[in-house]
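Just below is one structure, and these are the notes that go with it.
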Amino acid sequence: MGHAQAYQEAMNMRAVDALMECLKAEGVDVVFGLPGGANLPTYDAFYDAGIRHILVRHEAGGGHAAEGYAKATGKVGVSLATSGPGATNLITPICDAMMDSVPVVFITGQVRTELLGTDGFQEADMIGISMPVVKHSFMIQDPTEIPRSIHEAFHIARTGRPGPVVVDIPQDLSRADIPYEPVTDVRLPGYQPTTEGNQKQIRIAAKALANARRPIIYAGGGVVSAGAGAELTELAMSDRFPVTCTVMGLGAFPGTHEQWLGMLGMHGTRAANYAMDEADLICAIGARFDDRVTGKLSEFAPRAKFIHIDVDPAEISKNVPAHIPIVGDAKNILPRLTAEYRALAADPGRLEEWWSRIRVWQERHPLRYDDSTDSEIKPQYMVQALYEATGGEAIVVSDVGQHQMWTAQYYHFPQPRRWINSGGLGTMGFGLPAAMGAKVGCPDQTVVCVAGDGSVQMNAQELATCAQEGIAIKVFIMNNGYLGMVRQWQELFWDKRYSQVEMGEWPDFVKLAEAYGATGIRLQDKHTLVDDMKAALAVDGPVLVDVRVTREENTYPMIPAGQPARNMVG
Amino acid sequence: MGEPGTKEVLSLDELEAVAGLRTGRKHVLSILVENKPGVLTRIAGLFARRGFNIDTLAVGPTDDERISRITLTLDGALHPIDQVTKQLHKLINVLKIRDLEPRETLARELAMFKVSADGASRAEVMQICEIFRGKVVDVTKRSVVIELTGTCDKVDAFEQLVRPFGLIEMARTGEIAIARGRGET
Ligand SMILES: Cc1ncc(C[n+]2csc(CCOP(=O)(O)OP(=O)(O)O)c2C)c(N)n1
Ligand SMILES: [Mg+2]
């Protein structure tokens, strides 16, 4: 903030114009939204504010797009909606952002203050409805609060454990005139996230690592949020520590590294899950011991002691009691832990036995599937083909279901922020709009979406947005004609009673793409798949590729829900 | 734990989990919050969502009009208290939380009891009231209303004693608490 500006007299302007100034001051270059009565003043301000506004076709699409943008760039995403139905349409993205710690500011319109509490037209208690699923929310009560609340919202969304923040602005307040002065500080006495890890704890952790004979690093999405992928790799390579990641953490450690064991959890590799099961020391970093990771909690990693590094103190000992808790930012802590560890000059030879055990699991139980001899495309092969067609270099966004797990297994992410999915909430319909947001944030990168034929229909309307705005995402639908993951559970655990999982031939995705002004392509020959995919990737503009895959294929291996990792099947 | 780089051995076997434990006793949490609309809803919602049971809850102003104090009691046998306080700390409007040490805390609650008291029983009820340093604040031919302050345990004991006479109604505020001595709660 320049001095000239800071000393300048407060200017009178509409609160919504001040809102635009605040967004610019926060470095916002794009927002995703859809207008309505209660946020008409805000849209009037957008008309010539010089901020790119992308008109989505459904507010949920806008919310997920803001998430995709945030996950791909590391910046705060912004999503807007009007009051009532517009605002409630954002609830799923808000909850999704909460579960996966995604920094997004949601700005909703609200009815005029005189109508509040009267069940006015399009009134919904957005603060109340969203309260359980936000990091924080602001109900604007005076127009002069708007600038400070906006900056505080960005600060809260971005710092500590990132997350969604809602700002709800009544229509009459947003059009009022206020004296505007740039806000240069935030005052949040109740919010001071710890970022510096405790040195003594770090030292104890280093010693524990040096004394462990069967250690493993278990990294989660927190490492990606912290931008600490390189620091994680440094730590792992300060000795030969084996590394596994959660579905949110993929890419935090290079997926082709010789110390990489693959993803852990329900559909993780046997090597990763067995190593967790037999480890004597687990170093958890930015991970939260979700039930999809632990399986049966009482039998999770029975021999292990836990180092738990997390910026959110409430995650530590929430599910699994930690022995060495370290609260803080992984980017701050990991280099110090590595330095402390190096200074101990531990004998790397002590890990030989552990590695030979791990290598046996890796050799005996690689990820595998029965490839068909005819031209049918196996879903796993579809992901391998995509890996080859993109040279492993794309930002890959997925929806939710079997295709998500296969993508997590077979696409080897070389670096963080290349893999974007809905892990915590498991939101079908996340993929296509999130890919759109990622592409807007990273226009020079190839952005592909691996979608389910079920999931993609939950937000396919955003293809129109992509066509209108020239957002060139390449969507590859893994079309099995089923709500595949549910069908798999019915096959395995409900006697193959396939209840309401078959979706048949509808819609015709090629025609759907064309109707939306995108390019539609159908692929069904595995022998030409890689080349066909390359050709699809080379087409300008948004492309929807309908890839027909084996219909009844199961995602393996698998820890049946609520069972310990040892009981993996398939 | 020694200096950086010292090679002393740290036996993994000796490491103990340091949190997530249940204390088994009653806890009194004194929480300072920003006096803003919706703060109580955020706290109540958090407790409901996470399955934390509140035994009592009292809210009131503090010496600073921008800040309110919430005093709540809960059972440390049912919940790991550190998890409760850590979740509370995540609420942006929560400024400070003290898990009050029983020995260093003065806790009081206000209660009102409407007890049947006709003829013979009246004198006995009054006597109990006196022993507990209660105050009779309303009398009719067939009932008295007694005002009582004290710790939760004292109020519980009083309730037990007067119940046999016919407890018509009871209202309790829940405990509020403050630290002993000069230091701030
Ligand atoms: C919004 C939503 N509704 C329901 C579910 C439950 N669910 C999880 S996976 C799945 C099937 C998804 O089908 P599809 O997108 O075709 O993916 P596939 O498993 O076939 O690869 C369903 C219905 C969900 N995760 N999200
Ligand atoms: Mg499907």
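The values are calculated or read from the model by the stated rules, or taken from the named source; none is laboratory data. Keep in mind the model is a prediction, meaning the values are calculated, not measured. All Cβ positions, even for glycine, are placed from backbone atoms using ideal geometry, and neighbour counts span all protein chains on display. Just so you know, the surface numbers come from the protein's heavy atoms only, side chains and all, with ligands and any DNA or RNA stripped out. Shrake-Rupley method; radii C 1.70, N 1.55, O 1.52, S 1.80 Å.
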Neighbourhood net charge (9 Å Cβ-Cβ; Lys/Arg +1, Asp/Glu -1) for A:His323: 0
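Explain nothing, just the number: dipole magnitude of chain B about its Cα centre with +1 on each Lys and Arg Cβ and -1 on each Asp and Glu Cβ, in debye rounded to the nearest 20. Spell out each step's value before the answer.
Numbers: 27 positive and 27 negative charges, 124 e Å.
It comes to approximately 600 debye.
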Computed P(r) (all Cα pairs; the range A:3-179; 5 Å bins; percent): 1, 10, 19, 23, 22, 14, 7, 3, 1, 0
Hey, quick one: spin label on A:Glu353, modelled 7 Å out along Cα-Cβ, who in the range A:175-211 has an amide N within reach, i.e. under 15 Å? A:211
Would you mind checking A:Lys200/A:Lys331; A:Lys75/A:Lys378; B:Lys36/B:Lys90; A:Lys135/A:Lys474; B:Lys26/B:Lys114; A:Lys135/B:Lys26 for any pair whose Cα atoms are more than 25 angstrom apart? A:Lys75/A:Lys378; A:Lys135/A:Lys474; B:Lys26/B:Lys114; A:Lys135/B:Lys26
Taking θ = phi - 60°, what integer Hz values does the Karplus form 6.51 cos²θ - 1.76 cosθ + 1.60 yield along the range A:258-272, in sequence order, with x for Gly and Pro? 6, 8, 7, 9, x, 5, 10, x, 3, 10, x, 7, 5, 4, 5
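What ranking, highest mean first, results for peptides B:120-126, A:311-317, A:434-440 when packing means the other Cβ atoms within 10 Å averaged over each residue? Intermediate values should be presented prior to the final figure.
Values: B:120-126: 14.9, A:311-317: 23.0, A:434-440: 31.7.
Put in order of decreasing packing, that is A:434-440, A:311-317, B:120-126.
Suppose accessible area is computed on protein heavy atoms with a 1.4 Å probe; arrange A:Lys474, B:Lys26, A:Lys200 from highest to lowest.
Values: A:Lys474 15, B:Lys26 85, A:Lys200 125 Å².
In descending accessible area the options line up as A:Lys200, B:Lys26, A:Lys474.
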Among A:Val78, A:Ser137, A:Ile107 the positive-end extreme of the charge dipole of the range A:11-141 (Cβ point charges): A:Val78
Tell me the mean residue ellipticity at 222 nm calculated for chain A from its helices only (DSSP H runs of n ≥ 4, each -39500 (n - 2.57), averaged over every residue, nearest 500). -10000 deg cm²/dmol
Residues whose modelled amide H sits under 5 Å from the amide H of A:Leu523, counting only those 5 or more places away in sequence or on another chain, are A:Asp546, A:Val547, A:Arg548
For B:Val136, residues with placed amide H under 5 Å, excluding near neighbours: B:Glu147
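Find the relative contact order for the range A:379-548 and round it to a whole percent, using C-alpha pairs within less than 8 Å whose residues are 6+ positions apart. List each step's numbers first, then the result.
Details: 328 pairs, mean separation 38.8, N = 170.
This gives 23 percent for the range A:379-548.
If contacts are Cα pairs under 8 angstrom and at least 6 residues apart, what is the relative contact order of chain A in percent? Let's see the in-between values first.
Working: 1308 pairs, mean separation 81.9, N = 570.
For chain A, the relative contact order is 14 percent.
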Counting only backbone N atoms under 16 Å from a point 7 Å out along Cα-to-Cβ of B:Asp156, the residues of the range B:103-127 in range are B:103, B:107-111
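Restricting the count to DSSP beta bridges whose residues both fall in the range A:199-364, what percent are antiparallel, rounded to a multiple of 5? Provide the component values of the computation, followed by the final result.
Numbers: 0 of 19 bridges.
Roughly 0 percent of the beta bridges in the range A:199-364 run antiparallel, per DSSP.
Could you give the length gained on full extension between B:Glu16 and B:Ile168, defined as 0.36 nm per residue of separation minus the Cα-Cα distance, in nm? Mind dumping the intermediate values first?
Numbers: separation 152, 0.36 × 152 = 54.72 nm, distance 5.17 nm.
That works out to 49.5 nm of additional length.
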Solvent-accessible area of A:Trp419, probe 1.4 Å, all protein chains present, reported in Å² to the nearest ten, please. 20 Å²
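Could you tell me which of rounded, prolate or oblate describes chain B, using a ≥ b ≥ c as the square roots of the eigenvalues of the alpha-carbon gyration tensor, with rounded for a/c under 1.5 and, failing that, prolate when a/b is larger than b/c and oblate otherwise? Before the final figure, lay out the partial values.
Values: a/c = 2.74, a/b = 2.09, b/c = 1.31.
It is prolate, given that a/c is not under 1.5 and a/b is the larger ratio.
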Using a 7 Å offset from the Cα along the Cα-to-Cβ direction at both A:Glu514 and A:Arg148, what is the distance between the two label points in nm, to one decimal? 5.9 nm
Farthest towards the positive end of the dipole of chain A, among A:Val183, A:His53, A:Val223 and with Cβ unit charges of +1 on Lys and Arg and -1 on Asp and Glu, lies the Cα of A:Val223
Average partner coverage of B:38-51, which counts Cβ from other chains inside 10 Å: 2
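Charges only on Cβ, +1 for Lys and Arg, -1 for Asp and Glu: so what's the dipole of the protein assembly as shown about the Cα centre, in debye to the nearest 20? If you can, show how the numbers build up before the last one.
On the way: 76 positive and 94 negative charges, 379 e Å.
Once rounded to the nearest 20, the dipole reads 1820 debye.
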For the range A:62-130, which GluC sites (Glu not before Pro) are in a loop by DSSP, counting at most 11 other Cβ atoms within 10 Å? none
Taking every DSSP beta bridge with both residues inside the protein assembly as shown, roughly what % is antiparallel (nearest 5)? 45 percent
In nm, the gap between the two label points placed 7 Å beyond Cα toward Cβ at A:Met11 and A:Leu188 is 2.7 nm
Among A:Ala438, A:Ser422, A:Ala385, whose Cα projects farthest towards the positive end of the dipole of the range A:379-548, with charges put on the beta-carbon of Lys, Arg (+1) and Asp, Glu (-1)? A:Ser422
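Before anything else, pin down the relative contact order of chain B: Cα pairs under 8 Å, at least 6 apart, normalised by residue count, whole percent.
Details: 307 pairs, mean separation 45.7, N = 185.
Relative contact order here is 25 percent.
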Where labels lie 7 Å past Cα in the beta-carbon direction, separation of A:Ala176 and B:Asn35 in nm: 2.1 nm
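Give me the percent of accessible area attributable to carbon and sulfur for the protein assembly as shown, probe 1.4 angstrom. It would help to have the intermediate numbers written out before the result.
Values: 15900 of 31550 Å².
In the protein assembly as shown, the share of accessible area belonging to carbon and sulfur is 50 percent.
Using +1 on the beta carbon of Lys and Arg, -1 on that of Asp and Glu, and nothing else charged, what's the dipole of the range A:199-364 about the Cα centre, debye to 20?
Details: 20 positive and 19 negative charges, 55 e Å.
It works out to roughly 260 debye.
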Shape call for chain A from the C-alpha gyration tensor, a ≥ b ≥ c root eigenvalues: rounded (a/c under 1.5), prolate (a/b greater than b/c) or oblate? oblate
Can you list the residues, at least 5 places off or on another chain, whose amide H is less than 5 Å from the amide H of A:Asn198, using H built in the peptide plane? A:Val327
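Sort the range A:239-377 into rounded, prolate or oblate with this rule: let a ≥ b ≥ c be the square roots of the eigenvalues of the Cα gyration tensor; rounded if a/c is under 1.5, and if a/c is not under 1.5, prolate when a/b is larger than b/c, oblate otherwise.
Values: a/c = 1.80, a/b = 1.43, b/c = 1.26.
Here the range A:239-377 falls in the prolate category.
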If you plug each phi of the range A:475-492 into the Karplus form 6.51 cos²θ - 1.76 cosθ + 1.60 with θ = phi - 60°, what whole-Hz ³J(HN,Hα) values come out, in order, with x for Gly and Pro? 9, 10, 7, 8, 8, 10, x, 9, 6, x, 5, 6, 4, 4, 5, 5, 5, 7
Taking every DSSP beta bridge with both residues inside the range A:379-548, roughly what % is antiparallel (nearest 5)? 5 percent
Accessible area lost on pairing B with A, both sides, 1.4 Å probe, Å² to nearest 100? 2800 Å²
Peptide-level mean, for B:82-89, of C-beta atoms on other protein chains within 10 Å: 4
